[in-house]
Amino acid sequence: MHSSDQQLNSDSPQLSPQPDPREILHQTALKAPSQSGVYMWKNAEGTVIYVGKAKNLKNRLSSYFSGSKDIKTRLLVHNARSIEYITTNNEYEAFLLENNLIKKFSPRYNIDLKDGKSYPVLRVTSEKFPRVYKTRRIVQDGSKYFGPFPDATALDVFTDTLYEIYPLRHCKTLKKKASPCMYYHIGRCMAPCCKQVDHSTYTEFIE
């Protein structure tokens, strides 16, 4: 009977240990390229639960598995079962793509952007006499953008300070006027609308 039991046990199928989901995610992170892009965490159902951007995908994704993390990050890793990423040519492209994907999927853990809004950026228009202002809308017209800025109030303060220090134009449309506006008379604008400043001098303030 003893020998029969031994034979039965040897023929029984051996259950292989289940792979650790966290380790699978970690290995995916380590294999990510060292370039800019966007990454998506997905749960067991394949639903996107978080979208992020990175200057270096490998470094950013690997950081989720090192050091102590806050409760939100620990829950994200615990509930995730796969990571997908999309490489981009630069950080700016990654920023735009991240924004679009968050609006498309409304991921559970992207609490900052789930209301359909995006982080504001500082725009320097491509006009001959550029205007500088806060916006949430990206226009591909040659304008330069700086940001994004998670703290919109801080950006408002920065923009106000910028206009106090540099006499840049305030008007939305640059139309020729007979006389300068109030901002010119208080030293807050160089009045390009009245040709009170040439292009090269104005550009020096922008640069």
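Values in this text are rule-based calculations from the coordinates and carry no lab data. Just so it is clear, the structure is predicted and the values come from calculations on it, not from any experiment. Glycine gets a Cβ as well: all are built from the backbone with ideal geometry, and neighbour counts include every protein chain shown.
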Here the equivalent ellipsoid of segment 53-158, derived from its Cα gyration tensor, has semi-axes (largest first, whole Å) of 30, 16, 13
FRET efficiency (Ile206, Lys31; Cβ distance; R0 41 Å; to 0.05) is 0.45
Multiply the residue gap between Ile138 and Tyr163 by 0.36 nm, knock off their C-alpha separation, and tell me the result in nm, one decimal place.
6.8 nm
Pairs Lys31/Lys72; Lys31/Lys53; Lys103/Lys134; Lys53/Lys134: which are spaced more than 26 Å apart, C-alpha to C-alpha?
none
What distance in nm separates the simple spin-label points at His199 and Arg108, each placed 7 Å from Cα in the Cβ direction?
5.5 nm
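Could you state the orientation-averaged shadow area of the convex hull built on the Cα atoms of segment 18-105, in nm² to one decimal? Let's see the in-between values first.
Details: hull surface 22.8 nm².
Orientation-averaged projected area of the Cα hull: 5.7 nm².
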Rounded to a whole number of µm²/s, how large is the Stokes-Einstein D of the chain at 10 °C and 1.306 mPa s, given Rh as the Kirkwood radius over C-alpha pairs?
75 µm²/s
